[in-house]
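A quick write-up on the structure given underneath.
The values are calculated or read from the model by the stated rules, or taken from the named source; none is laboratory data. Predicted model only: the values in this text are computed from it and were never measured. Backbone-built Cβ (ideal geometry, glycine too); neighbour counts: all protein chains shown. We work out accessible area using only protein heavy atoms, side chains counted, and drop any ligands, DNA or RNA first. Shrake-Rupley method; radii C 1.70, N 1.55, O 1.52, S 1.80 Å.
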Amino acid sequence: MSVRPLLTREQSRAVDTLAAEKYHIPGVILMENAGRGSAELLFARKPANVLICCGPGNNGGDGYVIARHLDLLGVPVIIALFCSRERIQGDALINFKIIEAAGIEILDCAAEHLCESFAAQLSQADWVIDAMLGTGVTSPPREPIASAIGQINASKAQVMAIDIPSGLDCDTGQPNAPTIEADFTATFVTSKPGYQKPAAQSYVGEVHVVDIGTPQALLREVLR
Ligand SMILES: NC(=O)C1=CN([C@@H]2O[C@H](COP(=O)(O)OP(=O)(O)OC[C@H]3O[C@@H](n4cnc5c(N)ncnc54)[C@H](O)[C@@H]3O)[C@@H](O)[C@H]2O)[C@@H](O)CC1
Ligand SMILES: [K+]
């Protein structure tokens with residue numbers, strides 16, 4: 001496939017479902033490929049230290065995989081968790097348990113009062129990874145993620161968005177209030193229709209497509 005067509009948010013979710021149900025690829029393999037590919041993209045930029053902001057879903061799951069691979073590459077990482085541990089499930093929970101067992105530092109930022117250390121870590125961060133909201137987002141960002149987006153945008157850290165800059169409508173390119181302003185975005189399988197729109201440029205930054213191992217036949221089926 002020379003120039004890949006663009007998957008909408010719904011089509012991206014169809015790819016994830018079909019990959020598991022029709023092509024027998026466990027989601028945690030797709031997540032490993034997504035996280036490893038994203039970690040290697042960031043490592044190439046020689047990060048001094050990385051603060052990885054994780055939301056409640058599989059976008060957060062990508063963040064846990066990225067943390068493990070950057071840690072393995074010798075990069076100091078800290079996870080900022082923007083949901084209660086109890087909310088984490090499925091493929092994200094598998095990867096959360098791995099980094100917990102590996103002793104990677106996790107800041108509990110789910111409850112406002114536990115979040116003082118987030119501001120301190122953010123001020124020290126060379127890079128921030130936005131693994132808060134991906135294709136499962138259904139409305140403008142809610143608290144505590146909304147406040148985190150504002151603090152991240154106000155910080156001096158460089159920002160890498162995972163799959164979708166949190167807050168951005170990936171189909172129209174329209175931002176919500178607030179939306180992550182990323183220096184670059186690692187998006188999965190294909191770029192998204194909204195990423196080429198003028199309104200999206202200050203949010204997506206440089207777009208990189210990361211393959212997650214889905215077969216060509218699956219793409220052809222979804223894009224038909
Ligand atoms: N097999 C898969 O499904 C794969 C998924 N991947 C990652 O998983 C993401 C999709 O994961 P999910 O479907 O879990 O969804 P998300 O991880 O995008 O998170 C959505 C969750 O956040 C909450 N939420 C929704 N709207 C919100 C809002 N406006 N404010 C605050 N919280 C909100 C909901 O609880 C929802 O469960 C993709 O974007 C990609 O990053 C990748 O790992 C590739 C494989
Ligand atoms: K994101």
Next on the checklist: Considering only residues that are at pLDDT 95 or above, under 17 Å from the mean Cα position of the chain (by Cα) and within 14 Å of Pro215 (Cα to Cα), which ones fall in segment 16-50?
Outcome noted: Gly27, Ile29, Leu30, Asn33
Checklist outcome for this item: Flagged pairs (Cβ under 8 angstrom, 6 or more apart or on separate chains; first in segment 159-173, of a type in the set (Gly, Ala, Ser) and more than 6 Å from ligand 2 (Cβ to nearest atom); second open to solvent by less than 10 Å² (accessible area, probe 1.4 Å) and part of a loop (DSSP other than H, G, I, E, B)) are Gly167/Thr179; Gly167/Ile180
Item to check | Flag for Val204 being open to solvent by less than 40 Å² (accessible area, probe 1.4 Å), within 16 Å of ligand 2 (Cβ to nearest atom) and under 18 Å from the mean Cα position of the chain (by Cα) | outcome: yes
Checklist entry - If you go through segment 15-25, how many residues are more than 16 Å from ligand 2 (Cβ to nearest atom), touching a residue at least 12 places away in the same chain (Cβ under 8 Å) and open to solvent by 60 Å² or more (accessible area, probe 1.4 Å)? => result 1
Checklist entry - In this structure, does Leu219 turn out to be touching a residue at least 12 places away in the same chain (Cβ under 8 Å), open to solvent by less than 10 Å² (accessible area, probe 1.4 Å) and more than 15 Å from ligand 2 (Cβ to nearest atom)? => result yes
Checklist entry - Can you spot a residue in segment 42-49 that is part of a helix (DSSP H, G or I) and closer than 9 Å to Ile129 by Cβ? => result yes
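Residue-by-condition table, conditions (1) within 13 Å of ligand 1 (Cβ to nearest atom); (2) in contact with a Leu (Cβ under 8 Å, 6 or more places away or on another chain):
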{"position": "Pro5", "(1), (2)": "no, yes"}
{"position": "Gln11", "(1), (2)": "yes, yes"}
{"position": "Ala39", "(1), (2)": "yes, yes"}
{"position": "Ala48", "(1), (2)": "no, no"}
{"position": "Leu51", "(1), (2)": "no, yes"}
{"position": "Cys54", "(1), (2)": "yes, yes"}
Checklist entry - Out of Ser84, Ser155, Ser139, Ser147, which single residue is under 15 Å from Val50 (Cα atoms) and surrounded by fewer than 22 Cβ atoms within 10 Å (Cβ to Cβ)? => result Ser155
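Please indicate, with yes or no, whether at least one residue in segment 120-135 is closer than 20 Å to Pro76 by Cβ and surrounded by fewer than 13 Cβ atoms within 10 Å (Cβ to Cβ).
Scanning segment 120-135, I find at least one residue that is closer than 20 Å to Pro76 by Cβ and surrounded by fewer than 13 Cβ atoms within 10 Å (Cβ to Cβ), so the answer is yes.
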Checklist entry - Among Pro56, Pro5, Pro76, which is the only one that is surrounded by fewer than 18 Cβ atoms within 10 Å (Cβ to Cβ) and under 28 Å from Gln124 (Cα atoms)? => result Pro76
Checklist outcome for this item: Within segment 87-104, of all residues that are surrounded by 15 or more Cβ atoms within 10 Å (Cβ to Cβ) and not in a helix (DSSP H, G or I), the one farthest from ligand 2 (Cβ to nearest atom) is Ile104
Item to check | Residues of segment 41-75 that turn out to be without any contact (Cβ under 8 Å) to a residue 40 or more places away in the chain and within 11 Å of ligand 2 (Cβ to nearest atom), as a count | outcome: 0
Checklist outcome for this item: Within segment 105-119, of all residues that are touching a strand residue (DSSP E or B) at 6+ places or on another chain (Cβ under 7 Å) and in a loop (DSSP other than H, G, I, E, B), the one least open to solvent (accessible area, probe 1.4 Å) is Cys109
